[in-house]
1. Looking only at the range A:111-136, filter to residues that are under 27 Å from B:Gln108 (Cβ atoms) and more than 7 Å from every other protein chain (Cβ to nearest Cβ); which one of those is modelled with the highest pLDDT?
2. Can you go through A:Ser94, A:Ser44, A:Ser75, A:Ser87 and tell me which one is among the polar types (S, T, N, Q) and touching a Pro at 6+ places or on another chain (Cβ under 6 Å)?
3. Need the failing condition index for B:Pro68 against (1) more than 12 Å from chain A (Cβ to nearest Cβ); (2) in contact with a Phe, Trp or Tyr (Cβ under 7 Å, 6 or more places away or on another chain), just the number.
4. Quick one: is B:Ala79 out of contact with any Ser or Thr (no Cβ under 7 Å at 6 or more places or on another chain), among the small types (Gly, Ala, Ser) and crowded, with 16+ Cβ neighbours inside 10 Å?
5. How about the range A:88-110: which of its residues are of a type in the set (A, V, I, L, M, F, W, C) and more than 10 Å from chain B (Cβ to nearest Cβ)?
6. Please work out which one of (1) within 21 Å of A:Val120 (Cβ to Cβ); (2) buried (at least 16 other Cβ atoms within 10 Å of the Cβ) is the condition A:Glu47 fails and give its number.
7. Here is a list of conditions, (1) touching a helix residue (DSSP H, G or I) at 6+ places or on another chain (Cβ under 9 Å); (2) within 8 Å of chain B (Cβ to nearest Cβ), and A:Val76 meets all of them except one; can you say which number that is?
8. Say we look at the range A:56-87 and pick out the residues that are of a type in the set (S, T, N, Q) and in contact (Cβ under 8 Å) with a residue 12 or more places away in the chain; which of these is nearest to A:Pro33 (Cα to Cα)?
There are 2 protein chains.
Amino acid sequence: MASVAFAGGGLRLHERLSYPPGMSSASPLASTPEPPYWAVIFTSVREEADDGYGEVADRMEELAVQQPGYLGIESVRAADGSGITISYWATEESLRAWKANAEHRVAQRKGHEGFYKAWVTRVCKVERAYAFELGQES
Amino acid sequence: MASVAFAGGGLRLHERLSYPPGMSSASPLASTPEPPYWAVIFTSVREEADDGYGEVADRMEELAVQQPGYLGIESVRAADGSGITISYWATEESLRAWKANAEHRVAQRKGHEGFYKAWVTRVCKVERAYAFELGQES
């Protein structure tokens, strides 16, 4: 099976990860369904000043979870201010709706004006996924 | 222009990011060409013990850069051990070749055996990209 060989014996995501969708706060790994689905990769470098960034980020995650088609989020920020946040979406329509959400648009504008030194957003279609969890090897 | 409206006034990547491809060590944002291209998202949770992980990770980045079709890498790891590494590839063939690289396969096996509590690998096609860099607004 090609998928098993891919990443050092990794197993297909849906076979192995058992926690429910949207558990991003409890686990750094989003539990997503079998591909295809969509991902928005947001890579950024923060400004030093923390002018309410944490509150806006938390609120955006809270809002995203309520959106139709939301599958999960993965977010990591390092001490140096660089960060990657990936949100997963069932369809291209659902990620477009999230992009157009009014409160999200305000946060996007704030991101443009003050939170970040630089960022890149990439919209992707997830074609394949593999996962590994310790203690779950067969 | 739809792309400008997307992420709070974000501009298309190729118009704005001027540093050369592969500058992942100097900048957390990979400079990638106009989509489409490919991304491999690797989200992971590290084991506490550091049994040579840093050396293997550095060596893998050094190797990846030499692969045909390599476009760049973005990697962030937080203090709690969770991390996201994304490598970008010109074609699906180039990411398959990297996956099959002999030394990379050894590292994948090590990842399976000891470095991580859990990981997910997602192979994606990047459809659109937008970027913002402070001081480059028009």
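1. Among them, the one singled out is A:Gly135.
2. When all the criteria are applied, what remains is A:Ser94.
3. So the condition that B:Pro68 fails would be (2).
4. no
5. Residues satisfying the conditions are A:Trp89, A:Ala90, A:Leu95, A:Ala97, A:Trp98, A:Ala102.
6. (2)
7. (1)
8. A:Ser87
The values are calculated or read from the model by the stated rules, or taken from the named source; none is laboratory data. On a predicted model such as this, the values are computed, not experimentally measured, just so you know. All Cβ positions, even for glycine, are placed from backbone atoms using ideal geometry, and neighbour counts span all protein chains on display.
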